1. Quick one: which of 23/165; 235/260; 140/165; 43/149; 193/230; 85/140 span more than 23 angstrom between C-alpha atoms?
2. What shape does segment 131-283 take by its C-alpha gyration tensor, where a ≥ b ≥ c are the square roots of the eigenvalues and a/c under 1.5 counts as rounded, a/b above b/c as prolate, and the rest as oblate?
3. Which parts of segment 89-120 would a label at residue 3 reach, counting a residue when its backbone N lies under 20 Å from a point 7 Å out along Cα-to-Cβ?
4. Given the -39500 (n - 2.57) contribution per DSSP H run of 4+ residues, what per-residue ellipticity at 222 nm results for the chain, rounded to the nearest 500 deg cm²/dmol?
5. Cα gyration tensor of the chain, axes a ≥ b ≥ c as square roots of the eigenvalues: rounded (a/c below 1.5), prolate (a/b > b/c) or oblate?
6. Report the local net charge at residue 174: Lys and Arg +1, Asp and Glu -1, summed over other residues whose C-beta lies under 13 Å from its C-beta.
7. Using all C-alpha to C-alpha distances in segment 1-99, build P(r) with 10 Å bins and read off the rounded percent in each one.
8. Listed highest first by mean packing, meaning other Cβ atoms within 10 Å per residue, what order do 26-38, 225-237, 270-282, 100-112 come in?
Amino acid sequence: MLIFRTVEEMQQYSEEQRCFGKKIGFVPTMGFLHDGHLSLVEKANQVADITIVSIFVNPTQFAPDEDLGNYPRDFERDETLLKEKNVDAIFYPTADEIYPKGYQTYVNVEEISKQYEGASRPTHFRGVTTIVSILFNAVKPHFAVFGQKDAQQASVIRKMVENLKYGIEIIVEPIKREEDGLAMSSRNVYLSKEQREESIILNRTLLAVEKTVKEGEINLDTIYKLVENKVGEIKTGRLDYFSIVEQDSFNEPEHLEENKKYFALIAVFFDSTRLLDNLIIIT
Ligand code: AMP
């Protein structure tokens with residue numbers, strides 16, 4: 001398995017592979033890998049000849065008061081896990097390599113970046129779309145695999161790729177969960193024992209919403225009340241947002257229509273750790 005630390009080396013390798021007619025699959029990550037990340041790697045292995053994983057804790061997607069400095073890192077462990085999955089190359093650049101002195105170019109997807117994650121973290125998606133476009137230019141993939149875990153992020157990236165005409169196929173893979181239903185996340189290590197026990201409320205709430213909708217409930221106010229009550233049951237967390245949104249636009253409908261797919265989105269704070277989850281709801 002190769003490890004590239006500069007954009008130039010990464011581009012050269014990808015150009016060579018493209019010349020040999022190889023299809024490149026790419027999985028961008030911030031490292032501290034878990035089975036969720038590894039399921040994306042498996043998907044890339046299935047669809048492409050060459051799998052490249054990037055590990056980069058991207059400073060531009062963190063606000064000054066967020067956890068950039070504390071974000072968990074363990075490159076050696078990540079390297080071992082990726083070797084076991086037969087990954088061909090890791091792109092592991094430094095922040096100075098990506099954002100050298102004088103850097104001043106940003107990519108912004110205007111509308112679907114505004115709400116939910118965009119409202120809670122106003123500069124976040126601008127950082128995400130900027131780094132993903134830089135990584136796409138460094139790795140030159142045919143396919144890029146993202147997780148449904150970050151549903152809004154996946155939609156923002158799809159929109160960017162469509163609008164900027166990248167010609168890269170975006171694949172979105174389902175959420176990997178712990179046995180009790182908590183969505184896997186590198187940030188779960190921040191949780192105390194009590195918070196970890198109560199963190200299953202995210203998945204439980206989404207499942208309760210799914211059940212009520214299946215039973216015919218289409219009144220959004222009633223559904224929001226149910227969510228507030230459920231999250232209100234826990235002591236160590238507080239609701240940041242819950243919403244049911246249209247799949248493509250991420251707009252909230254006035255009411256739920258029959259035979260339609262929506263995303264139910266939830267974010268809950270446990271002290272300064274904010275956990276996300278979502279579920280596809282079919283009415
Ligand atoms: P991150 O390292 O948190 O930036 O995540 C890198 C990629 O892994 C993103 O596309 C995430 O959506 C995806 N991912 C994170 N957690 C999970 C999970 N539990 N299941 C599936 N994919 C995930």
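The values are calculated or read from the model by the stated rules, or taken from the named source; none is laboratory data. A quick note: this is a predicted structure, and the numbers were derived from the prediction, not measured. Methodologically, a virtual Cβ is constructed for each residue, glycine included, from the backbone with ideal geometry; neighbour enumeration extends over all protein chains shown. For the accessible areas, the whole protein counts, side chains as well, though only heavy atoms, and no ligand, DNA or RNA atoms are used. Shrake-Rupley method; radii C 1.70, N 1.55, O 1.52, S 1.80 Å.
1. Working: 23/165 18 Å; 235/260 35 Å; 140/165 13 Å; 43/149 15 Å; 193/230 20 Å; 85/140 21 Å.
Violating the 23 Å Cα-Cα cut-off are 235/260.
2. Numbers: a/c = 2.38, a/b = 1.32, b/c = 1.81.
Note, shape of segment 131-283 comes out oblate.
3. Only 89-99 pass the distance filter.
4. So the calculated ellipticity at 222 nm is -11000 deg cm²/dmol.
5. Because a/c hits 1.5 or more and a/b exceeds b/c, the chain counts as prolate.
6. Numbers: positive: 43, 149, 176, 177; negative: 35, 42, 150, 173, 277.
My count for the surroundings of residue 174 gives -1.
7. Calculated over all Cα pairs of segment 1-99, the distribution is 15, 46, 31, 7, 1 percent.
8. 26-38, 270-282, 225-237, 100-112
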